[in-house]
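**Student:** Encoded as structure tokens, here's the structure I'll be asking about.
The values are calculated or read from the model by the stated rules, or taken from the named source; none is laboratory data. What you are looking at is a predicted structure, and each value in this text was computed from that prediction instead of being measured. Cβ atoms come from the backbone with ideal geometry, glycine included; neighbour counts cover every protein chain shown.
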Amino acid sequence: MNGTGVICMKRLAVLFVLLALLLTGCELPEKTQSGSVSGAGLTVHYIDVGQADSILLQCDGEAMLIDGGNVADSQTVVSYLQHQGVEELSYVVNTHAHEDHVGGLAGVLAAFEADAVWCPVTEYESQCFADFVTYTEAQGLSLTCPEPGSVFPLGEAQVTVLGPQEAYDDPNNTSIVLRVDYGETSFLFTGDMERTAEEDLLDAGAALEADVLKAGHHGSDTSSSYPFLRAVDPEAVVISVGEDNTYGHPDEAALSRFRDLGAAVYRTDLQGDVVFTSDGTEITVSTEREAAVTNPTEYDGSGQFSGGTTYIGNVNSQKFHLPTCSSLPAPENQTTFSSYDAAVEAGYSPCSRCLG
């Protein structure tokens, strides 16, 4: 679906316009504020930094930056923030210590004053992380990791820390996980969190449901498990990913899970910068470039998505699989289901290999 259009979903009204229009003075229509918020709204910018993450949140004159891309992305991020009128940052968040998340933050801290800098670790063996620490300390700050359950204000938005729940050896799983609520709308940010940490969040009973999900680990199959996605139940998913990257991101298995949920999928490699704006009750989105969007245009509100994934059941084991699974049964032992829910309702359980 290209150009301007609206996708009707349970609560998220998605409007396509070019970001270039925003940059030349055209603004989205003014929305009536919900009774629970009175400010100018929450804007969430998923900045196109290639195979990396960088997300700017703005609310009532305050700003938070989640990750800064690679070292080479530093000037891109700084320029983007300046163009959005950012003068200082209430929070700088490094979700975890890998370069594609921390690399550009030294340059950001050289350009903007910050009130707080969050990171799940205080030491990591890389030059870009050492530079990040140096520029943090130059502002008289130290790296801190808020405890899960901590709540912080960003204007009238509420930032809740959900993870990490445990200490992990894999840096991806150490990712700081944040839920941001504004009025009746919500956004979930997961860094590169993978299935182990997703399971711990589920076990902890974390409040995961959100309108918009930032896909974990650039749309890798190691993230965004079915149990996690069903708990989040997003209307839209954003994948921050580089064009023609060597990692094969986003993975087709993850994309199929998003399709099965009926979530609209936005990709920075296809659409460039992706910007969501919430007035507390409705969310609109603009993209830098026009590109086809995986979207639930045939979503009927029943939890099903026309044109989604077909699942293959094994009539002997009572397990069901993705069509691409390496453990598919022989053709004579196969049955098909039109959705994940249909398979479960028939008494089948998901294959641990492909549906984890």
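**Student:** Looking at the stretch 69-76, is at least one residue within 19 Å of the chain's Cα centre (by Cα), touching a residue at least 60 places away in the same chain (Cβ under 8 Å) and crowded, with 24+ Cβ neighbours inside 10 Å?
**Tutor:** No, the stretch 69-76 has no match at all.
**Student:** Which residue pairs have Cβ atoms closer than 6 Å, lie 6 or more positions apart in sequence or on different chains, and pair a first residue in the stretch 50-64 that is under 17 Å from T190 (Cα atoms) and touching a residue at least 12 places away in the same chain (Cβ under 8 Å) with a second residue that is among the small types (G, A, S) and crowded, with 23+ Cβ neighbours inside 10 Å?
**Tutor:** Every condition considered, the pairs that remain are A52/G69; D53/S240; S54/G68; S54/G69.
**Student:** Working carefully through the options G107, G5, find the one that is modelled with pLDDT of 95 or more, surrounded by 13 or more Cβ atoms within 10 Å (Cβ to Cβ) and not charged (D, E, K, R).
**Tutor:** G107
**Student:** Residues that are of a type in the set (S, T, Y) and within 19 Å of G242 (Cβ to Cβ): does the stretch 107-125 have at least one?
**Tutor:** From the stretch 107-125, those of a type in the set (S, T, Y) are 122, 124; that's our starting set.
Now restrict to residues that are within 19 Å of G242 (Cβ to Cβ): none.
No, the stretch 107-125 contains no residue that is of a type in the set (S, T, Y) and within 19 Å of G242 (Cβ to Cβ).
**Student:** Turning to a different aspect of this structure: Go through (1) in a loop (DSSP other than H, G, I, E, B); (2) surrounded by 24 or more Cβ atoms within 10 Å (Cβ to Cβ); (3) among the aromatic types (F, W, Y) for Y124 and report which single condition fails.
**Tutor:** Single failed check for Y124: (2).
**Student:** Also, I was wondering about something else. Condition check: closer than 25 Å to T284 by Cα and in contact with a strand residue (DSSP E or B) (Cβ under 6 Å, 6 or more places away or on another chain). Does T136 satisfy that? Break it down stepwise before answering.
**Tutor:** Values: closer than 25 Å to T284 by Cα: no; in contact with a strand residue (DSSP E or B) (Cβ under 6 Å, 6 or more places away or on another chain): yes.
Answer is no for this residue.
**Student:** Considering (1) hydrophobic (A, V, I, L, M, F, W, C); (2) free of Cβ contacts under 8 Å to residues at least 60 places away in the same chain; (3) out of contact with any helix residue (DSSP H, G or I) (no Cβ under 9 Å at 6 or more places or on another chain), say which one L141 fails and leave the rest.
**Tutor:** Going through the list (1) hydrophobic (A, V, I, L, M, F, W, C); (2) free of Cβ contacts under 8 Å to residues at least 60 places away in the same chain; (3) out of contact with any helix residue (DSSP H, G or I) (no Cβ under 9 Å at 6 or more places or on another chain), L141 breaks only (3).
**Student:** List the strands (runs of 3 or more DSSP E) that sit entirely inside the stretch 138-201 and contain at least 2 residues that are over 18 Å from the mean Cα position of the chain (by Cα), surrounded by fewer than 18 Cβ atoms within 10 Å (Cβ to Cβ) and not acidic (D, E). Before the answer, list the steps.
**Tutor:** Values: elements: 151-154, 157-163, 177-182, 185-189.
Of the strands (runs of 3 or more DSSP E) lying wholly inside the stretch 138-201, those with at least 2 residues that are over 18 Å from the mean Cα position of the chain (by Cα), surrounded by fewer than 18 Cβ atoms within 10 Å (Cβ to Cβ) and not acidic (D, E) span 151-154.
**Student:** Consider the stretch 166-189. How many of its residues are under 23 Å from A263 (Cα atoms) and β-branched (V, I, T)? Walk me through it before giving the result.
**Tutor:** Let us first name the residues in the stretch 166-189 that are under 23 Å from A263 (Cα atoms), namely 177-189.
Next, from what is left, pick out any that are β-branched (V, I, T): 177, 180, 185.
Residues meeting the conditions: 3.
**Student:** Now, a different point. Only one of V151, V117, V177, V133 is modelled with pLDDT of 95 or more and closer than 21 Å to V238 by Cβ; which?
**Tutor:** Working: V151 fails: closer than 21 Å to V238 by Cβ; V117 fails: closer than 21 Å to V238 by Cβ; V133 fails: closer than 21 Å to V238 by Cβ.
Selected residue: V177, the only one of V151, V117, V177, V133 that is modelled with pLDDT of 95 or more and closer than 21 Å to V238 by Cβ.
**Student:** Still on this model: Which one of A130, A210 is surrounded by fewer than 24 Cβ atoms within 10 Å (Cβ to Cβ), assigned to a loop (DSSP other than H, G, I, E, B) and assigned by TED's automatic domain parsing to the domain that holds G280? Walk me through it before giving the result.
**Tutor:** On the way: A130 fails: assigned to a loop (DSSP other than H, G, I, E, B).
Unique residue meeting the criteria: A210.
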